[in-house]
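Here, each number is a calculation from the coordinates, and none is a lab measurement. Since the model is a prediction, treat every value here as computed from it, not as a measurement. Positions of Cβ are generated from backbone atoms using ideal geometry, with glycine treated the same way; all protein chains shown enter the neighbour counts.
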Amino acid sequence: MKKLRAYSKSEEAYTDAAFLCGMGLDATVYDERGYGGNLLGLSGESIRIEVPDEQLEEAVRLLATKESERTNKGLEGGVKVAVVPNDSKLVVTLRVFLVSELVLYACIFGYQYWFRVTTPFAVDEYLRTLVLSETLWRLAWHGYWPSLLLSLVSTILCWNFSRIGRSLYLFTTVWSIVATLGPPPTLMVPLEVFLNTLYGTVTSMALALMYWSSLNERFEGGKDDVPTR
């Protein structure tokens, strides 16, 4: 057995020992304070942890990692330290969703502009009678290009984890859903249905990542905090 570390408080020793045991190591706490005390300069530490020789290196590494994580969560010497989550895969996933959203919207717009079959006049007139709200229809009509521009801006801002961009992204998503209630019903071929469904799914998954994953810390500013004194 080799000494791993000495402690001044038994609570700290037992906490570290429990942590090491939980990681599969054999850690033993020696508390010799009840043996009459130590003579200064003559005896070793009263409280210590010992581990088998072959586990010493691994134990040192585990404790160092634990202390590093604990240090990053607090304030040291007036310096604000941010915990940087290991979310690189989520970052890539979110950005794939953002790019996919733009590509899908371009596909939907392009198909409707170049390939969509015009409905017969009689059918079109009948569909107009099914309008849910004339006011909402006008709002959707006049707000189409502004909302499209806001959507593009919010997507660019979300790429850089802007909190304002995320709010704009949520707003434009909700507005696009509400705006669909205004215009009269439209006839769509299966490909249009597929593209629109996929577009809504990608948008929803992007929002879920922004608000309900570790990426939320990046949008809240936790990732990019600069140490300040």
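Observations on the model:
- The chymotrypsin sites (Phe, Trp or Tyr not before Pro) of the stretch 89-164 that meet both conditions, a loop assignment by DSSP and at most 11 other Cβ atoms within 10 Å of the site Cβ, are 115.
- Counting every other Cβ atom within 10 Å of each residue's Cβ, 188, 210 order from fewest to most as 188, 210.
- For the stretch 134-145, 3J(HN,Hα) per residue [Karplus equation, 6.51 cos²θ - 1.76 cosθ + 1.60, θ = phi - 60°, Hz, x = Gly/Pro]: 5, 5, 5, 4, 5, 4, 5, 5, 6, x, 4, 5
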